[in-house]
1. With r as the distance between the Cβ atoms of GLU480 and VAL304 and R0 = 25 Å, compute the FRET efficiency 1/(1 + (r/R0)^6) and round to 0.05.
2. May I ask for the distance between the Cα centers of region 418-466 and region 327-384, given as a whole number of Å?
3. Tell me which trypsin sites (Lys or Arg not before Pro) from region 47-151 have a DSSP coil assignment and no more than 16 other beta carbons within 10 Å of their own.
4. Using the crude model of +1 on Lys and Arg Cβ and -1 on Asp and Glu Cβ, and no other charge, please compute the dipole size for the chain relative to its Cα centre, in debye to 20.
5. Once every DSSP H run of n ≥ 4 in the chain is given -39500 (n - 2.57) and the sum is divided by its residues, what mean residue ellipticity at 222 nm do you get, rounded to the nearest 500 deg cm²/dmol?
6. R0 = 45 Å: FRET efficiency of ASP40 with SER237, Cβ-based, nearest 0.05?
7. Among ALA473, THR488, LEU242, whose Cα lies farthest out toward the positive end of the dipole of region 220-490, if unit charges sit on the beta carbon of Lys, Arg (+1) and Asp, Glu (-1)?
8. Distance check, please: which entries in LYS35/LYS69; LYS340/LYS443; LYS106/LYS171; LYS106/LYS274; LYS236/LYS481; LYS251/LYS376 exceed 30 angstrom between their Cα atoms?
Amino acid sequence: MMMKVLALGLSLLCRLAASDLACSVTEEQRDPALKEMTYDIGYGEQTTLVYVEPDMDSMYNGNAPAKHKVVPKFNGLSVKFINMSNKHVRLSWEPRPGGTPNPMNKIAPFEASGTASFPTHSFIMTDPDTDKLLQRFAIQEYPENIYAYDPYIVEGDEKATEKNLNKHLSKKEKEFYRKWRDSLAFNEIYRNFTGRSYLANYLRDPPRHFLWSGEYFGQTHWVETSETHFVMTPPKSALGQLKTSKKRSLKEGETVALEEYRAPGQATMNMTLKVLSVAPRVFEIPNFLSQTEVDHILDLAGGVQLSRSSVGDVGHGYSKAENKKTDTRTSFNAWVQRGKSPIVDAIYRRAADLMRIDEALLRNRDSSERPDWPTKGSLAEHLQLVHYDPGQEYTAHHDFGFSDLSDLQGARFATLLLYLNDEGLVGGETTFPRWVNAETFDKLKVKPEEGKAVLFYSQLPDGNLDDFSQHSAEKPRAGEKWLINLWTWDPKYH
């Protein structure tokens with residue numbers, strides 16, 4: 001498969017072959033939001049590149065309408081809870097002081113969990129066997145995102161703390177404990193330098209995937225893809241399940257699947273990304289899907305069972321408790337595999353070109369494809385087909401979860417939303433309530449338009465998780481709303 005990229009302000013032309021990118025971002029093309037930070041958490045001075053939010057004037061390309069940041073009305077934030085003990089604890093939300101706690105989930109020893117919350121909310125950790133109160137947390141204003149239960153520390157007395165650790169923890173457990181202390185120490189320095197909490201664990205590598213730059217509102221990037229639009233629906237005999245997801249790479253010069261049903265006379269098509277928000281990075285891509293492709297996906301919806309949507313994704317950093325059905329999400333959804341049909345496969349390939357990710361990474365591969373990656377599994381989830389009726393919504397949430405010290409810090413990297421309809425739809429916007437701007441206190445609203453895509457990142461260029469990527473699906477006031485979610489992952493961490 002071939003992909004060309006032209007970025008405004010850069011003379012940059014890249015070709016994506018089946019096996020690898022033929023070019024990479026050079027030092028001169030390094031994300032301008034990355035700054036060098038020197039820190040010391042007890043092992044001597046070290047340096048690393050960290051994300052520092054651009055100033056307001058640069059977000060407007062030198063023409064900011066005001067010389068100050070607008071603080072959004074929405075004051076929600078992501079909160080991370082760390083269990084630094086060698087025993088299980090139960091995390092619960094207190095709807096009101098002295099009220100009945102609402103259990104959320106059990107956190108294993110030296111693991112972490114989290115949720116979206118608001119300042120003044122109260123959470124408690126208790127012993128799951130005796131219900132004994134261990135610690136209460138009153139949520140503070142952003143950027144106070146991280147809260148830890150540490151039963152061993154004696155503030156201001158390192159010797160007493162060390163005595164507790166030696167008494168209660170094994171050698172391996174002390175290693176986990178010290179890793180969390182390192183992560184908390186790094187967070188303090190990172191937060192003072194960048195103004196953000198370090199929601200990842202120390203020290204997370206930068207994403208291996210490409211991130212589109214979002215330097216100012218209205219900035220535009222262009223991508224050329226060989227995965228052109230389907231303009232006619234192939235016969236059912238040509239739309240069956242793909243037999244295998246392996247060895248499907250297109251070699252240079254090979255034609256795309258079912259070329260005779262695509263836009264005639266077009267070997268490639270252009271996709272335009274427009275920056276809607278700098279922090280978080282949000283891009284709008286019109287006409288990503290054709291009418292034929294939209295119809296095909298909606299036809300698939302007639303053949304799949306829609307069920308009540310749940311929160312989270314078990315097996316990818318979320319607990320079963322976080323995956324429960326909830327009033328925060330009242331839509332209905334179904335999952336569509338990449339191999340469901342050649343048209344769905346083409347949508348994945350086009351999405352890979354849009355995000356400058358090798359399409360082979362978005363499916364299962366054999367040992368000959370991308371041996372440089374630590375996993376042979378797909379880095380993309382199945383397409384999530386979502387339906388909202390009037391009054392249904394998904395309140396403000398994040399797409400990322402929190403990793404334990406024992407795993408590889410895998411996390412959702414980017415979300416691509418594909419809108420399937422707009423006729424008769426009133427409301428139903430995708431909103432980003434914490435976008436940074438100098439014009440309005442209100443949330444950024446992205447209007448659903450048939451065939452349009454929206455791309456946003458859950459990670460920052462330095463590998464931290466982006467708290468500002470919090471987003472919601474507003475209620476349709478009239479009509480129904482259909483869309484697709486496609487999530488990609490970044491799995492490479494130590």
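Bear in mind that the values in this text are calculations on the coordinates, not laboratory data. In this text, all values refer to a predicted model and were calculated from it rather than measured experimentally. Here the Cβ positions follow ideal geometry from the backbone for every residue, glycine too, while neighbour counts run over all protein chains shown.
1. Values: r = 16 Å, r/R0 = 0.65.
About 0.95, to the nearest 0.05.
2. Cα centres, region 418-466 to region 327-384: 21 Å.
3. Qualifying residues, ordered by number: LYS67, LYS69, LYS73, LYS87, LYS132.
4. Details: 60 positive and 67 negative charges, 224 e Å.
In debye, rounded to 20, the chain gives about 1080.
5. Per the formula, -4000 deg cm²/dmol.
6. My answer for the efficiency is 0.10.
7. LEU242
8. LYS340/LYS443; LYS106/LYS274
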